[in-house]
1. Could you name the lysines in cross-link range of Lys63, using Cα to Cα under 29 Å and dropping any fewer than eight places away on the same chain?
2. Helix 79-93 versus the longest principal axis of the chain: what is the Cα-based angle in degrees, 0 to 90, to the nearest 10?
3. Can you tell me how much longer the chain between Lys67 and Ser174 gets when fully stretched, taken as 0.36 nm per residue apart minus their C-alpha distance, in nm with one decimal?
4. Using a cut-off of 13 Å between beta-carbons, work out the net charge of the residues near Gln163 (Lys and Arg +1, Asp and Glu -1, Gln163 not included).
5. Can you check what the net charge comes to around Arg59, using other residues whose Cβ is under 11 Å from the Cβ of Arg59 (Lys, Arg +1; Asp, Glu -1)?
6. Using helices alone, I'd like the mean residue ellipticity at 222 nm for the chain: each DSSP H run of four-plus residues gives -39500 (n - 2.57), total over residue count, nearest 500.
7. Segment 138-207: which trypsin sites (Lys or Arg not before Pro) are DSSP loop and have at most 12 other beta-carbon atoms within 10 angstrom?
8. If you line up the Cα atoms of segment 58-140 on their principal axes, what length do they span on each, largest first, in Å?
Amino acid sequence: MAQILKRGFSTTAAIAKAQLVKTPIQVHGIEGRYASALYSAGHKQNKLDQIASDLNNVRAVYKDNKKFQEFVLDPTLKASKKRTAIEAVSNKLGLSKEIGNFLGLLAENGRLNKLESVVTSFESIMRAHRGELFVQVTSAEELNSSNQKALSDALSKIGKSGQKLTITYAVKPSIIGGLVVTIGDKYVDLSIASRVKKYKDALATAI
């Protein structure tokens, strides 16, 4: 991750060797490591808001422009070509130098296909940085307004005093029934699919 700081933000040995600023919440996976390094560098440069804004713009283009999405996910393009192309896109979008370099580094390291998940991880870090509590409720079918209100009332009690609570709802039929509730960097799986898996695992062990 020191390489990210060095290439993306500064060429000085001091920055390259500096210890990462600890993120307010833990994020996981490759995308989490890149997002954490970006947060650390942005924090030191006092450019977190600019970085967050730029990443939101990149995600909007990713979602709206099919050709750009195909380019990002294409595994056949050479890393060097991807880096050159993504830096050109960054310039065209008017993104900051920091984000242009960061996206170029993702491309060079063969991680540009993780772009969307890196942005999501960084967004989670920034919510915690701003003192916000983000909750996502996933259900097999869309919840009606009365169920949403009941959940909202219950969830409002888990936040700290003065903490802004943001709740989003998602539908995922594969969970069959019940709920999966993600609270910050933790989650509670109350889905039927999870219970079915536990039963299957228990049966497989018993046989």
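Every number here is computed from the coordinates shown, using simple stated rules; none is lab data. Just so we're clear, the structure is a prediction, and the values are computed from it rather than from any experiment. With ideal geometry, Cβ positions are generated from the backbone for all residues, glycine too; neighbour counts draw on all protein chains shown.
1. Straight-line reach from Lys63, under 29 Å: Lys47, Lys78, Lys81, Lys82, Lys92, Lys97, Lys114, Lys164, Lys172, Lys186.
2. Relative to the chain, helix 79-93 is tipped by roughly 90 degrees.
3. On the way: separation 107, 0.36 × 107 = 38.52 nm, distance 2.91 nm.
This chain segment gains 35.6 nm when fully extended.
4. On the way: positive: Arg127, Arg130, Lys157, Lys160, Lys164; negative: Glu132.
The answer is +4.
5. Numbers: positive: Lys63; negative: Asp54, Asp64, Glu116, Glu123.
Local net charge: -3.
6. Values: 10 runs with 122 residues, N = 207.
Dividing the helical sum by the residues of the chain leaves -18500 deg cm²/dmol.
7. Numbers: sites: Lys149, Lys157, Lys160, Lys164, Lys186, Arg195, Lys197, Lys198, Lys200; in loops: Lys157, Lys160.
Taking segment 138-207 and a limit of 12 other Cβ atoms within 10 Å, the loop trypsin sites (Lys or Arg not before Pro) found are Lys157, Lys160.
8. 39, 33, 22
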